[in-house]
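Note sheet for the following structure.
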Amino acid sequence: MIDTNSSDISNNNNNNNNNNNSSNVFEINSSVKPYFTCIVFVVSLIFICSSKNIVTKHLPIGRAGSSIIGATLMVYFGIIQPKEIGTVINWDTIILLMSMMMLSNYMEQANIWGMASKILLWKCKSTSIFMIRVCLISSIMSSILTNDTVCVTLTPIVINACKSTNLPFFPFLMAIATSANIGSSALPVGNPQNMIIATAGGLNFFNFFKVSIVSSILGVCVNTLLLLLYFKKDLKNYNLNFNQLIETINPIIDGDNEDGANIEKNEKEMENINKENYNNENENENENENQDNIEIIDLKENKENTNRNNGHAILVAASMDSIDLSDCSIIDDAINNKKKKENLFQIYFNSKEKSIETIVNIIKLIFKVRVAIILALILIEFFIGMHMGFTVLFGVSILMICERKDIGDIINSVDWELLLFFSGLFVLVEGFDRQFAKEAWIILEPFVPIDSTHLNVLKIFIFSILILVLCNILGNVPLVLSLSPRLLEALAPDFTWILLAFVSTVAGNLTLVGSVANLIVAEKSKAYHEIGFLEYLKFGVPSTIIVILIGVPIVVLIGK
């Protein structure tokens, strides 16, 4: 007799084995894993961080390609199991990045950058004021739209402004890149590493803001002052020509504003004409009413005259005359009441039409500034602690409904290569972290300021210097990804996370390859001015060190 239960169990085991085999990968020897992981991680980082003209000249696969290949090797050779991929990738960061790119596209459609280009040169009296405006626009917009997005959009605008005024390109390119990096440290949505820190550390948006905003504002002010001092001679030589050229440009900008003013003026004139026509119609109606009353009075007078001529029948017709006269007064009252009712109805309907027109105008105005309203609501929700990624995505969804268009352009505006790059980097860093986390943390832990009750100034200083150097070797995003799990295990306070965010962001200003934003500015401007590594370094080093020396104590004092 065959045991059916045992046969069913064996079949289930075979099915499970088949399922496990389908998810299995090539397992290398455990003693080889650390060496293999180290080689994959280092080679991938070299390709990710290197310039196109150096290492990747013969293999131009890009950052995303390097990240995906490194992550694939980590999974295929058993460093990370395939079923763990979903938990390794930080989906909160991916969703936030994607939704911010979509929101940026809607802001571009709302002509926000068109207004920025007008602000740059409108009634600008000197090159120094122009420099200040570039720094302010770059830093403010970067805190909301991420530094990479701002550098992509603002660089061509500033280049065109410099071409039209014959200004040198390099000082203002440096202003865009350095101000964008510092300004992006103000909010958790300012750059990718801030997003990772805010989501991984579970930081409250308001707490992050109140600590970072002060150091960010001071950092931008100091960096702007250093730019003005460093490029003082270059800018001074162009002041005279700049003033002459700006006088020819401002009428064009004012002309655009005058066109808008003329349109508003014409609209007001049309409204006045309509009001005059409406008043004339009312006057005509009043004249007609007066004419009707005159005719009634004439009828009364004629009736009275006929009665006087019939003297012999006065006594007989007295009662009849009184009745007739009373009837006329009744007719007058009826006519007046009717006119009053018509006037009341007219006033009611006119007021109703005006109220409807006012409501329609308000709706049109709201629809016109819908992007600004959605952005303000998103920031408010950030401050009250809502989920950042899905809050932005909800705002984008509302804009999609309002637009009532196919979202193909919005989908194309998303930098999918960047999202793939981050997804692969999450896996790549996790693989390295599993093999070398203990060793790396043993070296770094003594210098990490974890105790918020007893602050060690020397420890904070060394930690800041280590982050500054490692960000320019490994990259700020890979470094933040590597440190995040260790800080979570150590129950690091908020100020440690925010200190990491500030220093890793400002560290991007040290060298040309220290930040993706720097490389974007260099790539966008290479047709007009090719930024050299040493040329950037001469300003980047003093600016970065001074901003960190000023900003770090503020972060620690406010955030502890």
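The values are calculated or read from the model by the stated rules, or taken from the named source; none is laboratory data. This one's a predicted model, so the numbers in the text were calculated from it and none came from an experiment. Cβ sites come from the backbone with ideal geometry, for glycine too, and all protein chains shown count toward neighbours. Accessible surface areas use protein heavy atoms only, side chains included; no ligands, DNA or RNA. Shrake-Rupley method; radii C 1.70, N 1.55, O 1.52, S 1.80 Å.
Among the residues of the stretch 26-54, those that are more than 15 Å from GLN435 (Cα to Cα), of a type in the set (Val, Ile, Thr) and either modelled with pLDDT of 85 or more or exposed (fewer than 15 other Cβ atoms within 10 Å of the Cβ) (or both) comprise VAL43, ILE46, ILE54.
Within the stretch 103-131, restricting attention to residues that are touching a Phe, Trp or Tyr at 6+ places or on another chain (Cβ under 8 Å) and not hydrophobic (A, V, I, L, M, F, W, C), the residue that is least open to solvent (accessible area, probe 1.4 Å) is THR127. When the residues of the stretch 159-194 are filtered to those that are assigned to a helix (DSSP H, G or I) and aromatic (Phe, Trp, Tyr), the one that is surrounded by the fewest Cβ atoms within 10 Å (Cβ to Cβ) is PHE170.
In the stretch 135-144, of all residues being surrounded by fewer than 24 Cβ atoms within 10 Å (Cβ to Cβ) and under 18 Å from ALA110 (Cα atoms), the one that is modelled with the lowest pLDDT corresponds to ILE144.
Yes/no per residue for (1) among the β-branched types (Val, Ile, Thr); (2) free of Cβ contacts under 8 Å to residues at least 60 places away in the same chain; (3) not in a helix (DSSP H, G or I):
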| site | (1), (2), (3) |
| --- | --- |
| VAL42 | yes, yes, no |
| ILE68 | yes, no, no |
| ALA71 | no, no, no |
| LYS83 | no, no, no |
| THR87 | yes, yes, no |
| ASN105 | no, no, no |
| ALA116 | no, yes, no |
| LYS123 | no, no, yes |
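Would you call THR127 among the polar types (S, T, N, Q), modelled with pLDDT of 85 or more and in contact with a helix residue (DSSP H, G or I) (Cβ under 7 Å, 6 or more places away or on another chain)? Here the answer is yes, as THR127 does meet what is asked.
Which of the residues spanning the stretch 450-475 are modelled with pLDDT under 85 and in contact with a helix residue (DSSP H, G or I) (Cβ under 7 Å, 6 or more places away or on another chain)? Listed by number, the residues that qualify are ILE450, SER452, LEU455, LEU474, GLY475.
Restricting attention to the stretch 435-469 and to residues that are part of a helix (DSSP H, G or I) and small (Gly, Ala, Ser), the residue that is most open to solvent (accessible area, probe 1.4 Å) turns out to be ALA440.
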